[in-house]
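See below for the structure under consideration.
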Amino acid sequence: MRRREFIGLVASAAALPVTANAQQRSLPVIGFVDSRSIESMGNRLRGFRRGLEESGHREGQTVAIEYRWADSRMDRVPDLVVDLVQQRVDIIVTSGGIIGAFAAKAATPSIPIVFLAAQDPVKLGLVGSPARPGGNLTGVNFFNTELAPKQFELLRAILPESRRIAVLVDPADRTNTEAILQDMDAVAHANSVQIKVFKASTSREIDAEFEKIAQEHFDGLFVEQNPFLNSRRIQLVQLAAHYSIPAVYSGREFAEVGGLISYGSDIAEAYRQVGLYCGRVLKGAKPADLPIMQSSKLELVINAQTARMLKLQLSPQLLARADEVIE
């Protein structure tokens, strides 16, 4: 190759990243922060991108997305949010726990924030009103925390003779845990059932707590709706199978990997709604004028194969109520 041609090729290659970066910067940017790792987010991200596309936007073509993952370290979330604010993104999306929404609210009064919350954001003090949130925040409430009593009732429907139920929570997610335990105390008392709380914020702690649950011979297990515990769903389901403990979970992702029963919001649909709201903000809508959306699509999923492994008899009535029975 001639020297002049070689120099020309090198110059062209060197210019490509600059051109790509310039094109990327010309697009509006969504900053997306989550307390988990990307490996646990596949179905959620598909829902989010579907919502964006339905609003007329496609990642990499009409909008860029800057992702930040805390890898199940909740203490990292505020710093990740601050980083996105410093990057001057056009929208901040927070999910994987309410801590991200509060961190974003504290970090910027101007950048639009779209959050996903398992609890009522008005009760939490995150927004003033569901109809008119005010300020620069809006989002989707998927109510999984409020569903704890119903999940408990479903576990009791499978285990009508149960008298002792273990409850596994993540103490690092204090606000969520306190709300769930209040509801659990009330429903347990009403059903004359004893509950005992087990706490785990790491993978090793999950192993240790399951060993205690098995040693104390609890009839069943309730697993808290929580970003960290969700990210450890395969470990949780495998341990429940190893110790033959019937367990109820908050999302279908647990039942899909072998969990006995799950009841909760269609999480992919909730993320689709977040994507739709981001699209509306990109078109000029103000978060203050966008009411808090309620993710009303709930689903009951039963893993019949796991029930057989645990030698449980599922009533025809319960099976008929299920949105899906996994065989």
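The values are calculated or read from the model by the stated rules, or taken from the named source; none is laboratory data. None of these values were measured; they are calculated from a predicted model. Here Cβ is always computed from backbone atoms with ideal geometry, including for glycine, and neighbour counts include all displayed protein chains.
Of all the numbered requirements in (1) over 27 Å from Gln194 (Cβ atoms); (2) in contact with a helix residue (DSSP H, G or I) (Cβ under 7 Å, 6 or more places away or on another chain); (3) touching a residue at least 60 places away in the same chain (Cβ under 8 Å), Lys297 misses one, and that requirement is (3). Assessment of segment 252-265 against the conditions (of a type in the set (Phe, Trp, Tyr), assigned to a helix (DSSP H, G or I) and more than 17 Å from Ser295 (Cα to Cα)) yields at least one matching residue. For the residues Ala107, Ala157, the requirement of being closer than 30 Å to Gln215 by Cβ, surrounded by fewer than 24 Cβ atoms within 10 Å (Cβ to Cβ) and touching a residue at least 12 places away in the same chain (Cβ under 8 Å) singles out Ala157. Taken over segment 286-327, the residue count meeting the criterion of being farther than 23 Å from Ala268 by Cβ, assigned by TED's automatic domain parsing to the domain that holds Ile91 and not small (Gly, Ala, Ser) is 2.
Of the strands (runs of 3 or more DSSP E) lying entirely inside segment 27-141, those containing at least 1 residues that are at pLDDT 95 or above and touching a Cys at 6+ places or on another chain (Cβ under 7 Å) span 29-34, 91-95, 113-117.
Among the listed residues Arg88, Arg46, which satisfies the condition of being surrounded by fewer than 19 Cβ atoms within 10 Å (Cβ to Cβ) and within 15 Å of the chain's Cα centre (by Cα)? The match here is Arg46.
Being crowded, with 17+ Cβ neighbours inside 10 Å, part of a strand (DSSP E or B) and of a type in the set (Asp, Glu) holds for only one residue in Glu269, Glu299, and it is Glu299.
Tell me whether segment 119-135 contains one or more residues that are of a type outside the set (Asp, Glu), under 21 Å from Ser201 (Cβ atoms) and either surrounded by 17 or more Cβ atoms within 10 Å (Cβ to Cβ) or touching a strand residue (DSSP E or B) at 6+ places or on another chain (Cβ under 6 Å) (or both). Within segment 119-135, one or more residues are of a type outside the set (Asp, Glu), under 21 Å from Ser201 (Cβ atoms) and either surrounded by 17 or more Cβ atoms within 10 Å (Cβ to Cβ) or touching a strand residue (DSSP E or B) at 6+ places or on another chain (Cβ under 6 Å) (or both).
Within segment 188-202, the set of residues being surrounded by 13 or more Cβ atoms within 10 Å (Cβ to Cβ) and assigned to a helix (DSSP H, G or I) comprises Ala188 only.
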